[in-house]
Amino acid sequence: MKKTSLGKKLTASPYIVWSMLFIIVPLIFVAYYSVTDASGNFTLEYISDIGRYKDVMLNSIWLGFIATVISLILAYPLAYIMARSKANVQRTMMMLVMLPMWMNLLIRTYSMMILMQDTGVINSVLSFLNLPNVHMINTQGAVVFGMVYNYIPYMILPLYNIMAKMDHSLIEAAEDLGANKLTVLKNIIFPLSLPGVASGFTMVFVPSVSTFYISKKLGGNTFSLIGDVIEMQFKSANNYNLGAALSMVLMVLIIICMMVMNRFTGDDDDGGVLI
């Protein structure tokens, strides 16, 4: 038993070291810079300055929420269809879902720019059909579309994971007792899939709120999200203290959202990774 315990500790040690170096230590630095000034003296000045970015933060949360809800609406039926399909169809659909993730985020976002530009693919098709062009690029709608496109696999996977494990005899029993499809969805399928919904919601919402590259390329710097502001503080303004303070507040807000979503899962952890 002692040898097994020692073996487990040795196996886990690389992960522990990795977590300490690249998760715990950076968080300590962020916390330190958020409550100190350029001279290293303790101050809450930068925390109090966050109020100036209240509108930016609220807009980031709002757009992230919209993108997450759209991802859920699109991913839910697809995940259910995948879970009810034959094994070979499931593998094919899973490959199609994961295929865009094989490309870098930068390349995927640039492809969205080519599609949505005023002279891009979509408007070229509309012109060919003698239909009026639509201005899409450099708008909040384009940013939301980019979030959905880039992060929807993170919604599909946990939903598919839990739906594939769902006891379909419960659905068949409800149908035998006269329940229609809407009743089955509302009273059986959706409650059983809540852990997957909560996990997918978290996995899409978190990167959507904190994104900066998608908003920069598809938003065209016409507006800023909180990720853009944080990047600016670290990259161009050289104000690490304010950037760290904004990062800390954003992290706290995200953790609160994760804790709220985690309440929907109860003690069932089959849906995915939650805190």
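The values are calculated or read from the model by the stated rules, or taken from the named source; none is laboratory data. A quick note: this is a predicted structure, and the numbers were derived from the prediction, not measured. We place every Cβ from the backbone using ideal geometry, glycine too, and count neighbours over all the protein chains shown.
Numbers below:
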read-out	value
Number of positions in region 151-167 that are under 19 Å from Thr68 (Cα atoms) and either surrounded by fewer than 19 Cβ atoms within 10 Å (Cβ to Cβ) or polar (S, T, N, Q) (or both)	1
Residues (free of Cβ contacts under 8 Å to residues at least 60 places away in the same chain, in a loop (DSSP other than H, G, I, E, B) and more than 20 Å from the chain's Cα centre (by Cα)) located in region 97-140	Gln117, Asp118, Thr119, Gly120, Leu129, Asn130, Leu131, Pro132, Asn133, Val134, His135, Met136
Condition check for Thr11: in a helix (DSSP H, G or I), polar (S, T, N, Q), surrounded by 10 or more Cβ atoms within 10 Å (Cβ to Cβ) and out of contact with any helix residue (DSSP H, G or I) (no Cβ under 9 Å at 6 or more places or on another chain)	no
Members of region 49-96 found to be without any contact (Cβ under 8 Å) to a residue 40 or more places away in the chain and of a type in the set (Ser, Thr, Tyr), listed by number	Ser85, Thr92
Considering residues of region 208-238 that are more than 27 Å from Tyr33 (Cα to Cα) and at pLDDT 90 or above only, the residue surrounded by the fewest Cβ atoms within 10 Å (Cβ to Cβ)	Lys217
Search result, residues across region 168-215 that are part of a helix (DSSP H, G or I), under 21 Å from Ile70 (Cα atoms) and free of Cβ contacts under 8 Å to residues at least 40 places away in the same chain	Leu182, Leu185, Lys186, Phe190, Pro191, Leu192
Residue that is aliphatic (A, V, I, L, M) and more than 30 Å from Gly40 (Cα to Cα), where the choices are Leu246, Leu159	Leu159
Some residue of region 29-47 being in a helix (DSSP H, G or I), closer than 21 Å to Pro207 by Cβ, among the hydrophobic types (A, V, I, L, M, F, W, C) and at pLDDT 90 or above	yes
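Every residue, every condition in (1) of a type outside the set (A, V, I, L, M); (2) within 28 Å of Phe201 (Cα to Cα); (3) over 27 Å from the mean Cα position of the chain (by Cα), yes or no:
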{"site": "Ser13", "(1), (2), (3)": "yes, no, yes"}
{"site": "Lys54", "(1), (2), (3)": "yes, yes, no"}
{"site": "Trp62", "(1), (2), (3)": "yes, yes, no"}
{"site": "Thr68", "(1), (2), (3)": "yes, yes, no"}
{"site": "Leu72", "(1), (2), (3)": "no, yes, no"}
{"site": "Ala79", "(1), (2), (3)": "no, yes, no"}
{"site": "Ala87", "(1), (2), (3)": "no, yes, yes"}
